[in-house]
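Below you'll find the structure, written out as structure tokens, and then a few comments.
The values are calculated or read from the model by the stated rules, or taken from the named source; none is laboratory data. As the structure is a prediction and not an experimental result, all values here were calculated from the model. Glycine gets a Cβ as well: all are built from the backbone with ideal geometry, and neighbour counts include every protein chain shown.
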Amino acid sequence: MSIQVFGLAVSRGIAIGRAVLVASSRLDVAHYFVEPQAVEPEAERLRAALAAVANELSGMQDELPEDAPAELSALLDVHLMLLRDEALYAATRQWIVERRYNAEWALSAQLEVLARQFDEMEDVYLRERKADLEQVVERVLRALDEGRRPAAERAAERAARSDPGDRPETPLILVAGDISPADMLQFKQSVFVGFVTDVGGTASHTAIVARSMDIPAVVGARDASRVVRTDDWVIVDGDGGLVILNPSPIVLEEYRYRQRQSELERERLARLRNTPAVTLDGHAISLQANIEMPDDARVALEAGAVGVGLFRSEFLFMNRDGQLPGEDEQYEAYRTAVLAMRGLPVTIRTVDVGADKPLDGLSLSELRHEHQLNPALGLRAIRWSLAEPSMFRQQLRAILRASAHGPVRILLPMVGQLSEARQALEHLARARHQLTDAGRRFGYATLGLMVEVPAAAISLRSLLPLFDFVSIGTNDLVQYTLAIDRADEAVAHLYDPWNPAVLHLLGQTIETARQAGKDVSVCGEMAGDPAFTGVLLGMGLRSFSMHPARIATVKQSILRADLGHARRAVAEVLSSDDPQGCARRLGLTALPS
Ligand code: PEP
Ligand code: MG
């Protein structure tokens, strides 16, 4: 039977494929396809891991002390029975042989299937055996995983996984309760054509990474992971925020048609790649890219970006099993991005961890159960860097060294007070001294202020003398102005960039920076949303930074815009109680996005 689940549309397009249901604790297992000739060795690897765990458990049983509680021995018996159940091996093997999933993925997929069967059992005792099965599978996953290898080696393997040219025919859609931004990043080069999560808001970092991958995604689809079953056919409507399970042939045909239409539209937009972004009345606008990893710089150039307006450096610090990248490793990463941009500017934001981007890759739901009372208001971004001064200077040194290879701009996230800006400047001066003393080559990097909290917008005049440029992080500016957690689907309907208070702060920030002769850009999601292009132009913005995938769409809006009209219309929009309606009436915005 066809079922619809509603959520939030966070990344456009239509994806059609079979569901891969993954519990968040098992998201970190490798997901890749094995080569046809590697299928049998992979099945053998699984058998060996099952045997190893069985040996381990029977060893434990043999060594149980005389006075050990009887329940313990009984528990080990149950675990051994589950392990030796030929059905577990046979069914898991089938995923490897038929789908060419790697062993870890196959085992997680089989666990999802079995867990459902346990959930549906009438008998309470049997139903509770699900927990035993999960524990056994965790052990086998550990036996399969070479988790004891260094993090960097594992990261390299992840990057090398899943050659897109070598994937079986059926497209796959990942359905999970939650996906952390770190896990999402890991899926960047992976096999999935769409994402669905139960939790998350439109401006959550998970949604942002999905958008940067240009893969249809729906978040906040509350019951999706409970309703969807592994291998169900699923349509992800990333435009409408809708997930359709087991669609009827008519619905499927309709969506295939829409999918083709949106691909045609993409191809049409791609032709704008080399067209300069100039308004109808001849004003040139700078369109830059937001990136998460150094290799994204290549994608940015291909999309026609004229620089990197935001390199979210914190993604280098995630998925590291606690081993943060040192100065040299960071330097290499920044240099890679700088060289890839071939003389165009690269804006590197210092680490912005905390809130929904924890270092240890926790997902949102896990994070909510952590002890931080209010992570979005806690030790995040520049506050975290200032609390970890040696790490901060290490990062600054790495960035300064990379700026010997091309124009680099340093951007400080979430500065709210003058004292924070002053401290950061002292660290920067010290980092320069340290490099000079060590005889290291480094370049001059300009320094930028990220306006993300109302305090920075309101006291901009006093902060500006310390900075060369300003970049407005509208995702957080909306969150903190309206006091709406950007990652919480329960209040997602209140997260409104059209709110007059937000627009006032934005307009005022752009105006103040321009009057002071400082370069100003917007790097939040509003910059990549054509619904806001006219408004931002009218406010005086001449520089936008967005995911590479959004550049062509925004460029199209710019090519159709008239700055004279935009300026006049914005004055009216800002004095209206209904800015969105007013902007639409005055022809300043495309259809709501
Ligand atoms: C923002 O807040 O708008 C921004 C660009 O930073 P991030 O989304 O990484 O918090
Ligand atoms: Mg931010």
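Just a few scattered comments:
- Residues in the range 552-576 that are in contact with a Gly (Cβ under 7 Å, 6 or more places away or on another chain) and in a loop (DSSP other than H, G, I, E, B): 561 only.
- When 114, 107, 80 are checked against the criterion of being more than 31 Å from the chain's Cα centre (by Cα) and either aliphatic (A, V, I, L, M) or part of a loop (DSSP other than H, G, I, E, B) (or both), a single residue qualifies: 80.
- Selected residue [surrounded by fewer than 17 Cβ atoms within 10 Å (Cβ to Cβ), modelled with pLDDT of 95 or more, closer than 30 Å to residue 400 by Cβ and away from ligand 2 (no atom under 16 Å from the Cβ)] from 328, 295, 321: 328
- Test: residue in the range 114-122 that is surrounded by fewer than 23 Cβ atoms within 10 Å (Cβ to Cβ), within 17 Å of residue 18 (Cβ to Cβ) and modelled with pLDDT of 80 or more: yes
- Residue under evaluation residue 575, criteria (1) closer than 30 Å to residue 462 by Cβ; (2) crowded, with 21+ Cβ neighbours inside 10 Å; (3) free of Cβ contacts under 8 Å to residues at least 40 places away in the same chain, criterion not met: (2)
- Test set (1) without any contact (Cβ under 8 Å) to a residue 60 or more places away in the chain; (2) over 24 Å from residue 516 (Cα atoms); (3) part of a helix (DSSP H, G or I) - residue 462 fails condition number: (2)
- In this entry, residue 437 is excluded by the filter for residues that are crowded, with 22+ Cβ neighbours inside 10 Å, out of contact with any helix residue (DSSP H, G or I) (no Cβ under 7 Å at 6 or more places or on another chain) and on the phi < 0 side of the Ramachandran plot.
- Residues of the range 537-586 satisfying the condition of being among the hydrophobic types (A, V, I, L, M, F, W, C) and under 18 Å from residue 301 (Cα atoms): 544, 546, 549, 551, 552, 554
- Filter result for residue 496 (among the charged types (D, E, K, R), assigned by TED's automatic domain parsing to the domain that holds residue 568, within 14 Å of ligand 2 (Cβ to nearest atom) and closer than 22 Å to residue 221 by Cα): no
- Residue within the range 357-372 that is surrounded by 20 or more Cβ atoms within 10 Å (Cβ to Cβ), modelled with pLDDT of 95 or more and not charged (D, E, K, R) present: no
- The range 468-488 residues that are in contact (Cβ under 8 Å) with a residue 40 or more places away in the chain and under 19 Å from residue 200 (Cβ atoms), paired with ones that are polar (S, T, N, Q) and near ligand 2 (Cβ under 9 Å from one of its atoms) (beta carbon under 7 Å, 6 or more apart): 485/479; 486/475; 486/479
- Residue within the range 391-403 that is within 16 Å of ligand 1 (Cβ to nearest atom) and either among the aromatic types (Phe, Trp, Tyr) or farther than 28 Å from residue 486 by Cα (or both) present: no
- Any hit, the range 475-484, residues being within 12 Å of ligand 2 (Cβ to nearest atom), in a loop (DSSP other than H, G, I, E, B), under 30 Å from the mean Cα position of the chain (by Cα) and farther than 25 Å from residue 327 by Cα: no
Condition check ((1) within 16 Å of ligand 2 (Cβ to nearest atom); (2) over 30 Å from residue 490 (Cα atoms); (3) out of contact with any strand residue (DSSP E or B) (no Cβ under 9 Å at 6 or more places or on another chain)) across all residues:
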site: 379; (1), (2), (3): yes, no, no
site: 391; (1), (2), (3): no, yes, yes
site: 394; (1), (2), (3): no, yes, yes
site: 414; (1), (2), (3): yes, no, no
site: 454; (1), (2), (3): yes, no, yes
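- Selected residue (criterion: surrounded by the most Cβ atoms within 10 Å (Cβ to Cβ)) from residues of the range 204-245 that are within 16 Å of ligand 2 (Cβ to nearest atom) and in a helix (DSSP H, G or I): 207
- For residue 346: the one exception among (1) over 18 Å from residue 553 (Cα atoms); (2) touching a helix residue (DSSP H, G or I) at 6+ places or on another chain (Cβ under 6 Å); (3) more than 16 Å from ligand 1 (Cβ to nearest atom); (4) hydrophobic (A, V, I, L, M, F, W, C): (3)
- Qualifying residue in the range 517-526 (condition: in contact with a Pro (Cβ under 8 Å, 6 or more places away or on another chain), modelled with pLDDT of 95 or more and away from ligand 2 (no atom under 16 Å from the Cβ)): no
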